[in-house]
Amino acid sequence: MPFNNLFLMYMAIEIERKYLVKSKAFKKEAFKSYTIKQGFLNTHKERTVRVRLKEDSSYLTIKGKSTVNGLSRFEWEKEITKNDAEHLLKLCEEGIIEKTRYEVKYGNHTFEVDEFFGANQGLIIAEIELNSESEHFEKPKWLGKEVTGETRYYNSQLSKNPFKDW
């Protein structure tokens, strides 16, 4: 088996949909919230390499290129020490992302709602991870326009072209 196929067998496929959020009603429904600080070591269109500090845990994540419809892509994530993450953040490309993430259970799914700060202040995006691209899910009333596949809403692009500049 060629190396690329073998490598892809050990990577998870992330299937998610993204939506703008039209009201802050989700905050009352959230069962958990935490702050996130993240930067990108690489934001090439074929792959991104992200460093994330999430309160008491830290991660290094590699994401592959999205499918044409923007719903799926390969993802590999490894927990790293907070110290390593802090040092790696210093090596990241310009444009650190800061946000508060709220987890909201709705129906049989959990939405991750990100309220951005700094250069992306005012932007709120909800994501839902699915088991298949055609999986049905209930949509809360605070969910707005779908932006799945619109690259300007990817965190890697928000770090380069922040919401305040749109």
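One table, with the values for the structure above:
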read-out	value
The range 149-166, residues that are buried (at least 16 other Cβ atoms within 10 Å of the Cβ) and assigned to a loop (DSSP other than H, G, I, E, B)	Tyr154, Pro162
So Leu53, is it in contact with a helix residue (DSSP H, G or I) (Cβ under 6 Å, 6 or more places away or on another chain) and either at pLDDT below 95 or not β-branched (Val, Ile, Thr) (or both)	yes
Qualifying positions in the range 99-125 - aliphatic (A, V, I, L, M) and either touching a Pro at 6+ places or on another chain (Cβ under 8 Å) or not in a strand (DSSP E or B) (or both)	Val104, Ala119, Leu123
Test: residue in the range 85-98 that is part of a loop (DSSP other than H, G, I, E, B), under 18 Å from Leu20 (Cβ atoms), charged (D, E, K, R) and at pLDDT 95 or above	no
Index of the failed condition, Phe40 passing every other in (1) within 18 Å of Ile13 (Cβ to Cβ); (2) touching a residue at least 40 places away in the same chain (Cβ under 8 Å)	(1)
Residue selected from the range 113-133 under the condition surrounded by fewer than 16 Cβ atoms within 10 Å (Cβ to Cβ) and at pLDDT 95 or above, by the criterion farthest from Asp56 (Cα to Cα)	Gly122
Enumeration of residues in the range 35-60 that are hydroxyl-bearing (Ser, Thr, Tyr) and surrounded by fewer than 17 Cβ atoms within 10 Å (Cβ to Cβ)	Thr35, Ser57, Tyr59
Residue match in the range 85-100 (condition: under 20 Å from Lys27 (Cβ atoms) and more than 17 Å from the chain's Cα centre (by Cα))	no
Count - residues of the range 64-81 that are surrounded by fewer than 17 Cβ atoms within 10 Å (Cβ to Cβ) and assigned to a loop (DSSP other than H, G, I, E, B)	5
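The values are calculated or read from the model by the stated rules, or taken from the named source; none is laboratory data. The structure presented is a predicted model; accordingly, all values stated were derived computationally and were not measured. Ideal geometry is used to build each Cβ from the backbone, glycine not excepted, and the neighbour counts take in all protein chains shown.
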